[in-house]
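A quick write-up on the structure given underneath.
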């Protein structure tokens, strides 16, 4: 466990950030999986939204979001 006050604070921040990022990542994965399965415009639109939100929050890289969106669009 961290001993320094700054290290304790950093650990708390990291745990909080991990929880927030996990929410974005799980919703992203679920939306992309649904879009690949259903191949409907509505499902792809939801996946686009989830990808954009994750990229905006820096959970995933913006180029990864663009790449996944391109691959989803090929399905339609």
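Assorted remarks:
- Estimated purely from DSSP H runs of n ≥ 4, each contributing -39500 (n - 2.57), the mean residue ellipticity at 222 nm for the chain is -29500 deg cm²/dmol once divided by its residues.
- Dmax and Rg, reported as Rg then Dmax, of the chain (C-alpha, Å): 16.1, 54
- Between helix 41-56 and the chain there is an angle of about 30 degrees, using the helix long axis and the longest principal axis of the Cα atoms.
- The angle between the Cα long axis of helix 5-38 and the main principal axis of the chain comes to about 10°, on a 0 to 90 degree scale.
- Distance between the pseudo-spin-label points of residue 70 and residue 5 (7 Å out from Cα toward the beta carbon): 5.0 nm.
- Helix 62-75 axis versus longest C-alpha principal axis of the chain: approximately 20°, rounded to the nearest ten.
- Over the range 15-58, the reciprocal of the mean inverse Cα-Cα separation, the Kirkwood hydrodynamic radius, stands at 10.6 Å.
- Simple spin-label estimate for residue 41 and residue 14 in nanometres, 7 Å along Cα-Cβ: 4.7 nm
Here, each number is a calculation from the coordinates, and none is a lab measurement. All values derive from a computational prediction rather than experimental measurement. Counting neighbours? That spans all protein chains shown, and the Cβs are built from the backbone with ideal geometry, glycine included.
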